[in-house]
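As structure tokens, the structure follows; a few thoughts come after it.
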Amino acid sequence: MDRSRCSQFEKGTGVTYFAVPQELHDLAVRYALAVDTRDAAMLASIFTQDGVVRGHGENPIEFRGAEGLGRMVAQVDAAFDQTMHNVFNQTFERRDDGAVTGLTTSIASHILKGDPTSLLDFAMRYHNTYVQQDGAWKFAERRLEVVWVETRTVQKFSAAMMNSDLMEFR
């Protein structure tokens, strides 16, 4: 990171670049882990009390507070056998009013319930708003933008694969 730009106002944008605490990066990873392990308590712990996951654009979802986030986890559990959220690029900005916002890109893979060979991938962007609460960074809002969806056939791993398809990894 070019440290000469940290804490410097970018003319005309209303954005200040700043040294981003690792804790902000970790929020997206913890979010992925909480959803993938169906841990509603962990998920609620990284949001403010009235924190919300809502849709962006045409996506109509909204899950607010611990109860709403718990409902989101239950819906994921009911629809998918397994999920794996992969976090990719993250950007963060501090606006001139002090608010911290960011964008996280990811792909979330979902094995459909009742069809263990069907994989549904969502390419997503999360438009985030962060706040510090009791000395810790938390999500105040995550707006989920689904960019595209891909479905394909997959094969679950089995130990027998190590003797045939994956011999070179032994």
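The values are calculated or read from the model by the stated rules, or taken from the named source; none is laboratory data. What you see is a predicted model; the values in this text were computed from it and never measured. Neighbour counts are summed over all protein chains in view; Cβ atoms, including those assigned to glycine, are modelled from backbone coordinates with ideal geometry. Keep in mind that these areas ignore ligands, DNA and RNA; they rest on the heavy atoms of the full protein, side chains included. Shrake-Rupley method; radii C 1.70, N 1.55, O 1.52, S 1.80 Å.
Points 7 angstrom from Cα along the Cβ direction at Thr101 and Leu33: gap in nanometres?
Output for this residue pair reads 2.9 nm.
In degrees, nearest 10, range 0 to 90: what is the angle between the Cα axis of helix 22-36 and the longest Cα principal axis of the chain?
Here the helix axis deviates by roughly 30 degrees.
Taking only the alpha-carbon positions of the chain and ignoring solvent, what does the Debye formula give for the base-10 log of I(q)/I(0) at q = 0.11 Å⁻¹?
-0.55
Filter the chymotrypsin sites (Phe, Trp or Tyr not before Pro) in region 102-170 to those in DSSP coil with at most 16 other Cβ atoms within 10 Å of their Cβ, and list the result. Spell out each step's value before the answer.
Details: sites: Phe122, Tyr126, Tyr130, Trp137, Phe139, Trp148, Phe157, Phe169; in loops: Phe157.
Hits after loop and neighbour filter: Phe157.
Would you mind telling me the share, in percent, of accessible area of the chain contributed by carbon and sulfur at probe 1.4 angstrom? Intermediate values should be presented prior to the final figure.
On the way: 5090 of 9970 Å².
That fraction is 51 percent.
Ignoring ligands, DNA and RNA, what accessible area per residue does the chain give at 1.4 Å, in Å²?
Numbers: 9970 Å² over 170 residues.
Ligands and nucleic acids excluded, the result is 59 Å² per residue.
Provide the convex hull volume over Cα atoms per residue for region 25-83, in Å³.
On the way: hull volume 5.2 nm³, N = 59.
Convex hull volume per residue, Cα atoms: 88 Å³.
Could you give log10 I(q)/I(0) at q = 0.30 Å⁻¹ for region 73-131, computed by the Debye formula over C-alpha point scatterers of equal weight, without solvent?
-1.13
Name the most mobile residue of Asn86, Asn59, Asn128, meaning the one with the largest mean-square fluctuation, in a Gaussian network model of the chain with Cα contacts below 10 Å.
Per the Cα network of the chain with a 10 Å cutoff, Asn59 tops the list.
Please list the three semi-axes, largest first and in whole Å, of the ellipsoid equivalent to region 70-170, using sqrt of 5 times the eigenvalues of its alpha carbon gyration tensor. Walk me through the numbers on the way to the answer.
Working: eigenvalues 247, 55, 36 Å².
Over the Cα atoms of region 70-170, the semi-axes work out to 35, 17, 13 Å.
Are there any GluC sites (Glu not before Pro) in region 52-153 that are in a DSSP loop and have at most 12 other Cβ atoms within 10 Å? List them by number.
Details: sites: Glu58, Glu62, Glu67, Glu93, Glu141, Glu145, Glu150; in loops: Glu58.
Passing both the DSSP loop test and the Cβ count: Glu58.
Could you calculate the FRET efficiency of Asn89 with Asp115 from 1/(1 + (r/R0)^6), where r is the beta carbon distance between them and R0 is 41 Å, rounded to 0.05?
Working: r = 31 Å, r/R0 = 0.75.
It comes out at approximately 0.85.
Picking from Gln49, Gln75, Gln22, which is most flexible by a Gaussian network model of the chain using Cα springs under 10 Å?
Gln22
I'd like the orientation of helix 65-79 relative to the chain: the angle between its Cα long axis and the longest Cα principal axis, in ° from 0 to 90, rounded to 10.
20
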